[in-house]
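**Student:** Take this structure, written in structure tokens, and hold onto it; I'll ask about it next.
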Amino acid sequence: MNISLSPVPLRTPCTVVSLIEGELSTRMMELGIIPETKLEVLFSAPGGCPIAVLIDETYLLGLRREEADRVTVYLIKPQTP
């Protein structure tokens with residue numbers, strides 16, 4: 001299921017599908033948000049902005065909601081034993 005990054009529940013792993021083209025998308029790609037990258041929203045400030053996103057389990061990045069809205073992700077379903 002493809003959705004925007006901003007409504008992804010905390011601690012739910014997801015994979016980047018695409019970014020909305022523009023000046024901001026170039027900057028986000030420079031920071032590591034590129035297609036097929038694993039992301040996880042770790043924290044959200046009261047009111048929902050900003051959010052802290054873990055990139056590939058190594059890099060923590062703060063994003064505004066407007067920025068997160070420009071990232072389309074695919075939710076990764078947890079493995080069941």
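**Student:** I need the calculated FRET efficiency for the pair residue 1 and residue 58, taking r as the beta carbon distance and R₀ as 25 Å, to the nearest 0.05.
**Tutor:** 0.45
**Student:** Additional query: Give, as a single signed number, the net charge of other residues whose beta carbon lies under 13 Å from the beta carbon of residue 56, with Lys and Arg counted +1 and Asp and Glu -1.
**Tutor:** -2
**Student:** State, to one decimal in nm, how far the label point of residue 74 lies from the label point of residue 24, with both points 7 Å from Cα in the Cβ direction.
**Tutor:** Once both label points are built, they end up 2.4 nm from each other.
**Student:** Rounding to the nearest 20 debye, state how big the charge dipole of segment 1-72 is about its Cα centre with +1 on each Lys and Arg Cβ and -1 on each Asp and Glu Cβ.
**Tutor:** About 220 debye.
**Student:** Write down the radius of gyration of the chain and its Dmax, each obtained from C-alpha positions, in Å.
**Tutor:** 11.8, 43
**Student:** Continuing with this model, one more query. From the helices alone, meaning DSSP H stretches of at least four residues, give me the mean residue ellipticity at 222 nm for the chain, per-run term -39500 (n - 2.57), in deg cm²/dmol to the nearest 500.
**Tutor:** Helix contribution divided over all residues of the chain: -3500 deg cm²/dmol.
**Student:** Residue-wise, which Karplus ³J(HN,Hα) couplings in Hz belong to segment 22-33, taking 6.51 cos²θ - 1.76 cosθ + 1.60, θ = phi - 60°, and x for glycine or proline?
**Tutor:** Per-residue couplings from phi come out as x, 4, 5, 5, 5, 5, 5, 5, 5, 8, x, 8 Hz.
Coordinate-derived values only; no laboratory data. A quick note: this is a predicted structure, and the numbers were derived from the prediction, not measured. No Cβ is skipped: glycine too gets one built from the backbone with ideal geometry, and neighbour counts run over all protein chains shown.
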